[in-house]
Amino acid sequence: MALSNAERQKRHRERQKQKLAAAAPGLAAQYENVGADLREKLYRLIDAENQRRDRIRPTAEEALEPTDFSRVILDIALDEDHSGLASKARMILLGALCMGESSEKEIREARLEKDAALAQETADDDGQDGEPQGRISPLEHYIRVPNFG
């Protein structure tokens, strides 16, 4: 008895799902692993910065406070940099989110282009007060969405 094309495709998808379920851990476990890896990377970044601050503390006139995880997260959330680590932490998070779709170089280039466009817009606005402010559209590699499987 010959199977229809739709039936063959349905069976093939079922076999693929079974293979994937056997080979890959559960989605919840994957997210836990990614979250733990990100936290570990951020903690290492913070520890390295605190060690650097401890080394320069005797030579610095001002006492440099050690930074902590919550301060770095707040800096990222509020788009500030009180900890001095926000930009490095953002790059770690962006690297994990894009999962290889965008490189660190592409992200830096996009930021430079955005800053240049904002500077140009500010210069244009200074010369012409009555015009509405323009919007900057996202760059191509910011629009790409990673495939989570």
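A short reminder: the numbers here are calculations on the coordinates, not readings from a lab. This is a predicted model, so every value here is computed, not measured. Because the Cβ atoms are built from the backbone with ideal geometry, glycine has one as well, and the counts that use them run over all protein chains shown.
Table for the structure above
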read-out: Linear extension gain, Glu65 paired with His82, 0.36 nm per residue minus alpha-carbon span; value: 5.0 nm
read-out: Distance between modelled label sites at Leu112 and Gln51, nm, 7 Å Cα→Cβ extension; value: 3.1
read-out: Gained length - Glu104 relative to Glu32, 0.36 nm times residue gap less alpha-carbon distance; value: 23.5 nm
read-out: Geometric extent, Cα atoms of the range 68-121 - Rg, Dmax (angstrom); value: 12.6, 37
read-out: Sorted peptide list for 51-59, 72-80, criterion being average Cβ within 10 angstrom, highest first; value: 72-80, 51-59
read-out: Packing rank of 11-20, 107-116, where each peptide gets the mean count of other beta carbons within 10 Å, highest leading; value: 107-116, 11-20
read-out: Peptide ranges 31-39, 82-90 listed from the most packed, as the mean C-beta count within 10 angstrom indicates; value: 82-90, 31-39
read-out: Cross-link partners of Lys41 among lysines (Cα-Cα below 22 Å; sequence separation of 8 or more within a chain); value: Lys88, Lys105
